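Each reported figure results from applying straightforward, stated rules to the coordinates on display, with no laboratory input. Owing to the predicted nature of the structure, the values given are computational and were not obtained by experimental measurement. Every residue, glycine as well, gets a Cβ built from its backbone with ideal geometry; the counts of neighbours run over all protein chains shown.
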Amino acid sequence: MTIEKSAMYKMYTPEVFLAAKRDLLLTSSSLISLIKSVNEIKKLKEKERDMNRTITEGTEHVKIKVELLNSYLPHEEEKVEKKIPVRQTNRKFETSTKTRTSFDPLDKELEEIQARLNSLS
């Protein structure tokens with residue numbers, strides 16, 4: 001048993017202690033740098049969340065402004081009717097405020113009647 005004890009004491013020489021101390025210092029410094037990088041990552045994530053929140057709030061603000069502007073624009077029912085050329089005489093277009101929503105066979109007959117009336121006068 002004394003031989004085993006003496007062998008164990010020889011294992012713990014000052015060189016072994018210095019090497020263990022150096023390893024502990026390296027481990028602690030690497031742990032400290034790891035903690036610093038984790039803290040930096042947390043700060044970056046907080047900044048990213050703040051930026052996303054700002055972007056979301058800005059987008060909502062823009063949506064509200066667009067809705068306000070749209071409320072000032074005329075609705076589809078209130079839009080000004082487009083003038084459609086009815087016929088061409090001497091390269092001038094006579095226009096009508098009537099808007100055509102679909103093709104109606106009576107429109108052609110109406111144009112013919114209007115042409116006859118205009119030729120009589």
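General remarks:
- With R₀ set to 25 Å, the beta-carbon distance separating Lys45 from Val16 gives a calculated FRET efficiency near 0.05.
- The label point for Leu106 and the one for Leu69, both projected 7 Å from the Cα toward the Cβ, are 4.3 nm apart.
- Where labels lie 7 Å past Cα in the beta-carbon direction, separation of Glu57 and Leu34 in nm: 3.7 nm
- Here the 3J(HN,Hα) profile of segment 14-22, calculated from phi with Karplus coefficients 6.51, -1.76 and 1.60 at θ = phi - 60°, is x, 5, 5, 5, 5, 5, 5, 5, 4 Hz, Gly and Pro shown as x.
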